[in-house]
Amino acid sequence: MNTPIHTNNAPAAIGPYSQAVKAGNGMLFISGQIPVNPANGETPEGITAQATQALENVGAILKEAGYGFNDVVKTTCLLNSMDDFAAMNEVYAKYFNEPFPARAAFAVVKLPKGVLVEIEAIAYKG
């Protein structure tokens, strides 16, 4: 059975999707998180602050579902510009330990609300 996950400590979904869905097999699929502060609805300036907020949002959802960053097996990082990759990667490295999750990173034409980064994750607890 699939269970939707919701926390007020991450931005609410802005469309017909769940913040995350926990599958019956121990997998957790977290929708792409943009760097909106759930407390005030604001987006911080700059890639470092935005990557931090996006990962804090991922972390809040992980926590709500009973998971942690060490349970993440795959992430996808969407960037407004690959020029921001190094700065995003520096922030990313503060949240994950070895063995690091598999990851893909892409530059896209445009992200929701004009943000610089969006991060989605898949976690597993066996």
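Please treat every number below as a calculation from the coordinates, not as lab data. Predicted, not measured: the structure shown is a model, and the values here were computed from it. FYI the Cβ positions are ideal-geometry reconstructions off the backbone, even for glycines, and counts take in every protein chain you see.
Summary of values
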read-out: Cα gyration tensor shape of the range 31-94, rounded if a/c is under 1.5, else prolate or oblate by comparing a/b with b/c; value: oblate
read-out: Shape category assigned to the chain from the gyration tensor of Cα positions, a/c cut at 1.5; value: oblate
read-out: Crossing angle, helix 47-65 versus the chain [Cα axis fit, 0-90 degrees, rounded to tens]; value: 10
read-out: For ILE5, residues with placed amide H under 5 Å, excluding near neighbours; value: GLN19, ALA20, VAL21, LYS22
read-out: Sequence-distant lysines (8 or more away, or on other chains) whose Cα lies within less than 20 Å of LYS74; value: LYS22, LYS63, LYS94, LYS125
read-out: Approximate spin-label separation THR76-THR48, in nm, with each point projected 7 Å along Cα-to-Cβ; value: 2.9
read-out: Charge sum, other residues only, whose C-beta stays under 14 Å from GLY32's C-beta, Lys/Arg counted +1 and Asp/Glu -1; value: +2
read-out: Distant-in-sequence amide H partners of VAL73 (H built 1.01 Å from N, under 5 Å); value: ILE122, ALA123, TYR124
read-out: Distance from the range 81-97 to the range 52-78 (C-alpha centre basis), Å; value: 14
read-out: Residue among ALA39, ALA13, ALA60 with the largest mean-square fluctuation in a Gaussian network model of the chain, springs linking Cα atoms under 10 Å; value: ALA39
read-out: Efficiency of FRET from Cβ geometry, PHE85 and ALA13, R₀ 22 Å, rounded to 0.05; value: 0.25
read-out: Signed unit charges on C-beta, dipole axis of the range 3-124, positive-most listed residue THR52, ALA121, LEU28; value: LEU28
read-out: Difference of contour (0.36 nm per residue) and Cα-Cα distance, LYS110 to ASN37; value: 24.3 nm
